[in-house]
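Quick notes on the structure that follows.
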Amino acid sequence: MDNVLERLSTLEDYRGIEQLLYMYAHTIDQHLADEWLDLFVADARYRSIRISPSGERETIVDFQGVEAFRKFITDFTSGNRRPPGDSQKNFISQPIIRLHGDTAEAVTYFHLVVVHNGVKEIFANGRYFDTLVRCSDSKWRFSDRMSEVE
């Protein structure tokens with residue numbers, strides 16, 4: 001029976017992490033600032049790095065901590081870019097999750113589709129590299145998120 005409980009716990013962890021990855025996309029696309037902020041631990045870090053065709057890496061954004069996250073999401077949601085008008089949709093796929101007890105890593109592909117003046121286009125694609133932690137409320141949250149934009 002212990003083996004079954006361990007396996008069930010592992011499956012719950014994988015599902016909780018998948019939900020976290022999906023919630024990131026839904027909350028930022030729908031401008032749900034409070035829900036988006038709740039996906040991160042207080043001292044979380046977020047980075048976005050662009051990789052050129054020649055392989056050069058350029059940091060686009062790099063911030064850490066509650067106030068920096070709050071400023072980012074406030075600035076992001078201050079524009080009125082919500083469906084059905086000009087907006088964006090984050091699509092994620094093929095997460096690879098590695099569990100280590102109360103921490104985990106995930107690598108996930110993403111595509112960012114932008115709608116501008118009724119025209120939809122893939123604006124960016126790449127991978128997310130995440131470090132995740134199980135918090136005291138049993139929810140998984142990001143402690144470090146890096147997007148690698150190709």
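Phi angles of the stretch 13-20 translate, via the Karplus equation with coefficients 6.51, -1.76, 1.60 and θ = phi - 60°, into HN-Hα couplings of 5, 4, 5, x, 5, 4, 4, 4 Hz per residue; Gly and Pro are given as x. Based on alpha-carbon centroids, what's the gap between the stretch 17-73 and the stretch 84-150 in Å, whole number please? Taking the Cα centre of the stretch 84-150 as reference, the centre of the stretch 17-73 is 8 Å away.
Here the peptides 105-118, 50-63, 16-29 are ranked by packing, the mean other Cβ count within 10 Å, and the order with the highest first is 16-29, 105-118, 50-63. Working note: 222 nm ellipticity from helices only, DSSP H runs with n ≥ 4, each -39,500 (n - 2.57), summed and divided by the residues of the chain, gives -10000 deg cm²/dmol to the nearest 500. If you model the chain as an ellipsoid using its alpha carbon gyration tensor, with each semi-axis the square root of five times an eigenvalue, the axes come out at 28, 18, 16 Å, biggest first.
Less than 5 angstrom separates the built amide H of residue 88 from those of 115, all sequence-distant by 5 or more or on a different chain.
A simple spin-label model places pseudo-atoms 7 Å from Cα toward Cβ; at residue 67 and residue 96 they are separated by 3.9 nm.
Relative to the longest principal axis of the Cα atoms of the chain, helix 66-78 runs at roughly 40 degrees.
Can you spot the lysines whose alpha carbon is less than 29 Å from residue 139's alpha carbon? Ignore those fewer than 8 places along the same chain. Cross-link targets: 71, 89. Length gained on full extension, residue 76 to residue 41: 10.7 nm, using 0.36 nm per residue less the C-alpha separation.
Any read-out appearing in this document is the output of simple, stated calculations on the displayed coordinates, not a laboratory observation. As the structure is a computational prediction, the values presented were derived from the model and not from experiment. All Cβ positions, glycine included, derive from the backbone under ideal geometry; neighbour counts span all protein chains shown.
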